[in-house]
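Participant: This is the structure, below, for whatever I ask next.
The values are calculated or read from the model by the stated rules, or taken from the named source; none is laboratory data. Given the structure is predicted, the values throughout are model-derived calculations rather than measurements. Positions of Cβ are backbone-derived with ideal geometry, glycine not excepted, and every protein chain shown enters the neighbour counts.
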Amino acid sequence: MHVLHLVGATTTRFYYDLSRTYQDRCVAPFGTRASVLTVAPDGAMTWAGQGQDPFPCNLADVAQRARGIDVVVPHMFCQAGMTTWRALFEDVMGVPVVGPNAASIHVATSKWQTKALARSVGVDTPEARRLTTTDVAPPSRLPVIVKPDGEDNSIGLTLVRDRADWPGALRKALDAAPVALVEDYVPGREVRVGVIEDHGAPRVLPILEYHVTPDRPIRERSDKVVVDATGAVTTKSWEQPSLRTSCPAHLAALTRDDLHHAAIAMHAALGARDYSLFDFRIDEAGKPWLLEACIFWTFSQISVITRMLEAEGSDLARTSMAVWANAASRKRAVQVAAE
């Protein structure tokens, strides 16, 4: 199987470094050979075959070489990388992409649209409203979460406890994205729930808990990705996590069942394929509240879904190969239908 790793970013060095960091640690299952297409924020592209040095290329070169690719494994986290580039390969070049398609990702990367979808299928999510620069008055009830609509890794996110912090939180969120949300804060626990498709049927993986504390009640950017003094992405947050985690999480049976139901419902509602991943808060009564979809899996040892697989005793290389092969079969299915 010839795998193309799609790497880089169209926007910032942060997203470019983050993509490279994950891809460098991606598993290489037996029976595969890999090429790497790297997209830089300045628009430059390079292609590297297995064991070869990267060389400059353009879209015409990519289209030509894509004919020999069985499946694309995406590692881009910027908006265009998660949507436009996926669609370019799958919808234009006819090469299947592992994971949800561009349409599903477009919804999942908007916290506002994800909330609307959740409510439509009966999944509880904290109340929220959209913000603009004209929203100068803080909400009547605090604390609240203020966050950009289309960013991840807690970029631009603030837990507002005091009215005096409102202007700075609003500015921080809107500096990160043109649309922001103010969301009811749910005190309690925080978990991440992963779904993987096994022979076409979605199943929930062992749930991972981030042990937030009264002093650190939410996960902040430094808990997810740490950059050095030059702004380069480091692996410190994975090698020396600032919050204790446990997987599987110790949950009451009813709470666990509710999380399973919600994750499966969201996987189906999004039209997700292969895998999906969701963040939830659990209130003091044990009720789960969906925060957002975070549909990433880079098939590396530092990926959250990988941690979940390890908790159930599954092998990363074998599971990755099965997921990639299933995605590659979508190309063969299209070819057969065309004939």
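Participant: I'd like the full set of residues that are part of a loop (DSSP other than H, G, I, E, B) and either surrounded by 15 or more Cβ atoms within 10 Å (Cβ to Cβ) or among the β-branched types (V, I, T) (or both), limited to segment 251-270.
Facilitator: Answer for segment 251-270, where residues must be part of a loop (DSSP other than H, G, I, E, B) and either surrounded by 15 or more Cβ atoms within 10 Å (Cβ to Cβ) or among the β-branched types (V, I, T) (or both): just L251.
Residue-by-condition table, conditions (1) more than 19 Å from the chain's Cα centre (by Cα); (2) part of a strand (DSSP E or B); (3) more than 19 Å from L170 (Cβ to Cβ); (4) at pLDDT 95 or above:
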residue: V72; (1), (2), (3), (4): no, yes, yes, yes
residue: L88; (1), (2), (3), (4): yes, no, yes, yes
residue: T114; (1), (2), (3), (4): no, no, yes, yes
residue: A137; (1), (2), (3), (4): yes, no, no, no
residue: E151; (1), (2), (3), (4): no, no, no, no
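Participant: Would you tally the residues in segment 324-339 being surrounded by 11 or more Cβ atoms within 10 Å (Cβ to Cβ) and either modelled with pLDDT of 95 or more or of a type in the set (S, T, N, Q) (or both)?
Facilitator: 6
Participant: Restricting to segment 176-211, and then to whatever is at pLDDT below 95, aliphatic (A, V, I, L, M) and part of a loop (DSSP other than H, G, I, E, B), can you tell me which residue is farthest from G156 (Cα to Cα)?
Facilitator: Looking at residues that are at pLDDT below 95, aliphatic (A, V, I, L, M) and part of a loop (DSSP other than H, G, I, E, B), I get V179.
Participant: Filter segment 153-175 down to the residues that are assigned to a strand (DSSP E or B) and either β-branched (V, I, T) or crowded, with 18+ Cβ neighbours inside 10 Å (or both) and list them by number. It would help to see each step written out before you state the result.
Facilitator: Of the residues in segment 153-175, the ones assigned to a strand (DSSP E or B) are 158-160.
Result: T158, V160.
Participant: Restricting attention to segment 4-17, and to residues there that are more than 11 Å from P74 (Cβ to Cβ), in contact with a helix residue (DSSP H, G or I) (Cβ under 9 Å, 6 or more places away or on another chain) and β-branched (V, I, T), which single residue is surrounded by the fewest Cβ atoms within 10 Å (Cβ to Cβ)?
Facilitator: Of everything passing the filter in segment 4-17, T11 is surrounded by the fewest Cβ atoms within 10 Å (Cβ to Cβ).
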